[in-house]
Structure formats: C-alpha cells, structure tokens
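Structure first, commentary second.
The values are calculated or read from the model by the stated rules, or taken from the named source; none is laboratory data. Everything numeric here is computed off the predicted structure, so don't read it as measured data. Here the Cβ positions follow ideal geometry from the backbone for every residue, glycine too, while neighbour counts run over all protein chains shown. Surface areas here come from the heavy atoms of the whole protein model, side chains and all, with no ligands, DNA or RNA. Shrake-Rupley method; radii C 1.70, N 1.55, O 1.52, S 1.80 Å.
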Amino acid sequence: TEEAIWRRDELARLFDLSRDVQVITDSREAIASLARAIARRFDLEFVALALPRAGDWDVYEAGAATIAVDTREFSKAFASAQTTLEFDAYARTYSGHQNVAVDGHTIRLVPLRVGTKPIGLLAAAGRPIEPGTLDTLGGVVAIAIERAHFLEERKAAELTRQSEELKTALLASLGHDLRTPLTAIRIAASNIKASWMTDAARAEQTDLILSEVERLTRLFQNILDMARIDAGAIAAETRW
C-alpha cells in the first residue's frame, strides 16, 4: 500500500511538471524555469540541467542547496550515456545513471534522452527518487528542452519574416523617395537646354537641381547610417 501511494504521488509530481512545461513560453528563460519547476515539484535540494555546447557545458541550477559539480563529471556521464542503450530490469531503469559525491551530497546524474539520443544530463540531490521515476522525469525534461529550442527557432523565424517585410516596405518607400528628386532633376535639366528659357528661368532651374541633389545626398546618407546600424557599427549614446 505504501509503495502504491508513493507511486501515485510521484505520478502526480510528473503530471504537475508536465503542466508547468506547457505554460513556459519564454524560450530564453525556459530551461532555467524548468530547473526551478523540477526542484519545486519533486522537493529536491539541488537540481541542475547540463547541456553540452561546443566542448563546454551550459548548466542551469535550482534548489536551496548550492553544489559545485565538476563539469568533468558531466562529460564522463554524458559519454557513458552515448553507449548502447540497455534496460536493467532489476533496477527498472535504462543505462547511464551515475552517482557522484560532492561536498557530502550524493548527486544523481540521469541522461536526458529524446528517443535514444542523449541531449544532456539531469543532476539531482535531496530526497530519494526511484531510478525508474528518474528515467521518466528525464524523458519529460528532454521533451521540454526540445520544446524550448523549437520555440526559440520559431521566434527567430518570425523575427526573420518581420525583418524581410520591413525591408520590402523600406525598399518600396526608398524607391518612391528617390524617384521624386530624380524626376525633378531630369525635368529641370531638360528645361535648361531649351532655347526659350531666360537667364532668370535657367537660374531658377539650376537652383532646383542643386536643391534636389542635396535631398538625394541626405537620403543616401540615411541609407548608409541605416546600414551601419544594422551591422552594429554604431554605438548608442543614452541622453536624458
């Protein structure tokens, strides 16, 4: 009966965590929020989500305890998780689980797998959790991380789409703004060549050409400034 009640409670924790995952929408803080949700739902002293990145590790920690886990332990555990996936019927868990002792704490390292592919590690310390439950928790966390990455990619795609729309509108606006002074210059230059123009009229047309050339110069300067801003070559100077 005690085991059945315990399993029911663990299942409820997993369900609550799944609901937490659904409401996490900020992709930039999603993984940190996920670590905090795991520590809260499973009443753990320490939780860390370790994700490999270009030979190093991105680690997101949560919980009341502060434990410095050597990233070399992450690398060894992750390398072990990349071997053949086997199921231990006695322990009721898949291969790759490891325990590491750090400052008097026992840290349980659990592979985060999407299917059979490991994408990171879950480090947990505190109250005991059955290895099978840790495996299930690792699967839920792996799906949540993949969801966060998908949201980030979707946001980047949406920003790219908006940027392309803005560039299209900008080009259309620039085309209109450039066409007006060029048309005025062309007409004024044609008028100057006319034999019936008086000196005063020619001077007026010349002033018009110079005015439109200055307008074009301002437009091209704005285009250059926008290109520099887009390339990050201009530093913002904050003023009251």
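Considering the chain as a Gaussian network with a 10 Å cut-off on Cα pairs, which listed residue, PHE74, PHE220, PHE42, attains the greatest mean-square fluctuation?
Highest fluctuation among the options: PHE220.
Sum up the charges of everything whose Cβ sits under 14 Å from the Cβ of GLU164, counting Lys and Arg as +1 and Asp and Glu as -1, but leave GLU164 out. Walk me through the numbers on the way to the answer.
Details: positive: ARG161, LYS167; negative: GLU158, GLU165, ASP230.
Neighbourhood net charge equals -1.
Heavy atoms only, probe 1.4 Å: what % of the accessible area of segment 127-182 goes to carbon and sulfur, would you let me know?
For segment 127-182, the apolar C and S fraction of the accessible surface comes to 66 percent.
Between the DSSP loop rule and a limit of at most 14 other Cβ atoms within 10 Å, which trypsin sites (Lys or Arg not before Pro) in segment 23-81 are left? All intermediate terms of the calculation are to be shown ahead of the outcome.
Details: sites: ARG28, ARG36, ARG40, ARG41, ARG53, ARG72, LYS76; in loops: ARG28.
Passing both the DSSP loop test and the Cβ count: ARG28.
I need two numbers for segment 140-240: Rg to one decimal and Dmax as a whole number, Cα atoms only, in Å.
24.0, 85
Using only Cα atoms, tell me the angle between helix 199-230 and the longest principal axis of the chain; keep it within 0 to 90° and round to the nearest 10.
Tilt of helix 199-230: around 10 degrees.
How much FRET efficiency would the formula 1/(1 + (r/R0)^6) give for LEU14 and ALA65, where r is the Cβ-Cβ distance and R0 is 25 Å, rounded to 0.05?
0.65
Taking the Cα of ASP103, stepping 7 Å toward and past its beta carbon, and measuring to each backbone N in segment 51-85: which are under 15 Å?
Inside the label zone: 61-71.
Using R₀ = 51 Å, calculate the FRET efficiency as 1/(1 + (r/R₀)^6) where r is the Cβ-Cβ separation of GLU146 and ARG179; round to 0.05.
0.55
Over segment 109-207, what is the mean sequence separation of C-alpha contacts under 8 Å (at least six apart), divided by residue count, expressed as relative contact order in percent? It would help to have the intermediate numbers written out before the result.
Numbers: 47 pairs, mean separation 16.7, N = 99.
Normalised by residue count, the contact order of segment 109-207 is 17 percent.
Helix 30-41: angle to the longest alpha-carbon principal axis of the chain, degrees 0 to 90, nearest 10?
30
Ignoring ligands, DNA and RNA, what accessible area per residue does segment 112-205 give at 1.4 Å, in Å²?
Values: 5540 Å² over 94 residues.
Using a 1.4 Å probe on heavy atoms only, each residue of segment 112-205 averages 59 Å².
At most 16 other Cβ atoms within 10 Å plus a DSSP loop assignment makes a site exposed; report the longest stretch of the chain without any exposed GluC sites (Glu not before Pro).
Details: sites that count: GLU29, GLU86, GLU237.
The reported range is 87-236.
Hey, how many Å between the Cα centroid of segment 112-128 and the Cα centroid of segment 200-227?
Comparing the Cα centres of segment 112-128 and segment 200-227, I get a distance of 65 Å.
If I fit a long axis through the Cα atoms of helix 131-193 and take the longest principal axis of the Cα atoms of the chain, what angle between them do I get, 0 to 90°, rounded to 10?
0
Using only the heavy atoms of the protein chains and a 1.4 Å probe, how would THR71, THR217 rank by accessible area, largest first?
Values: THR71 55, THR217 85 Å².
Order by accessible area, largest first: THR217, THR71.
Pick out which of THR183, THR168, THR106 has the largest mean-square fluctuation in a Gaussian network model of the chain, springs linking Cα atoms closer than 10 Å.
THR183
Only one of the listed values, [x] 61, 37, 31; [y] 65, 43, 31; [z] 109, 41, 32, was derived from the coordinates as Cα extents along the principal axes in Å; which label is it?
The listed entry that was calculated here is [z].
Pop a pseudo-label 7 angstrom from the Cα along the beta-carbon direction at both SER195 and ARG161 and give the gap in nm to one decimal.
That separation, rounded to one decimal, is 6.3 nm.
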